[in-house]
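Beneath this line is the structure, given in structure tokens, with notes to follow.
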Amino acid sequence: QVQLMAYGGGSVQAGGSLRLFCTNSAPSIARHAMGWFRQTPGKERVFVAGAAWHGAGPEYADFVKGRFAVSVDNDKNTVALQMTDLQPDDTAVYFCAAADVIATLVRGTADFWGQGTQVTVAS
């Protein structure tokens with residue numbers, strides 16, 4: 001059973017940086033891709049970035065390319081999202097997610113979800 005725990009959200013000024021982490025407590029997730037989605041009130045949850053343990057990816061949504069970087073650490077069963085040059089439009093609840101393949105994440109869905117972590121960017 002995949003159990004995802006996300007942490008690292010917070011509040012920053014525009015132009016600032018934050019780093020999110022997500023840990024999978026399952027014994028082995030070698031077959032999984034992991035990534036991040038975000039959601040704002042009244043809107044759908046959208047794919048942000050993802051990567052796979054076996055090397056597939058990373059994949060990014062167009063609106064974060066060049067600003068965000070996703071990385072996976074197989075030893076720690078962790079996926080991280082380094083967010084730089086944050087803007088007020090990046091304000092959202094960020095969700096960690098896992099799927100069998102990264103294409104599932106890119107299509108906008110996931111097999112497993114973690115709890116959300118709030119990211120707030122002030123102008």
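Here are the numbers for the structure shown:
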{"item": "The stretch 24-46 - residue that is open to solvent by 20 Å² or more (accessible area, probe 1.4 Å) and within 11 Å of the chain's Cα centre (by Cα) and, of those, farthest from Leu86 (Cα to Cα)", "result": "Val46"}
{"item": "Unmet requirement for His54, which otherwise passes all of (1) at pLDDT 95 or above; (2) over 18 Å from Gly108 (Cβ atoms); (3) open to solvent by 30 Å² or more (accessible area, probe 1.4 Å)", "result": "(1)"}
{"item": "Any pair with Cβ under 7 angstrom, 6 or more apart, that starts in the stretch 1-22 at a residue that is under 20 Å from Gly35 (Cβ atoms) and ends at one that is charged (D, E, K, R) and open to solvent by 50 Å² or more (accessible area, probe 1.4 Å)", "result": "Gly8/Arg19"}
{"item": "Neighbours by Cβ (under 6 Å, 6+ apart or cross-chain): first from the stretch 73-84, within 15 Å of Gly9 (Cα to Cα); second open to solvent by less than 50 Å² (accessible area, probe 1.4 Å) and not in a strand (DSSP E or B)", "result": "Thr84/Arg67"}
{"item": "Matching option when the condition is closer than 18 Å to Ala110 by Cα and loosely packed, with under 14 Cβ neighbours inside 10 Å, among Gln3, Gln13", "result": "Gln3"}
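The values are calculated or read from the model by the stated rules, or taken from the named source; none is laboratory data. In this text the structure is predicted, and so the values were computed from the model without any measurement. Neighbour counts run over all protein chains shown; Cβ positions are idealised from the backbone, glycine included. Please note that ligands, DNA and RNA were not included when accessible areas were found on the heavy atoms of the full protein model with its side chains. Shrake-Rupley method; radii C 1.70, N 1.55, O 1.52, S 1.80 Å.
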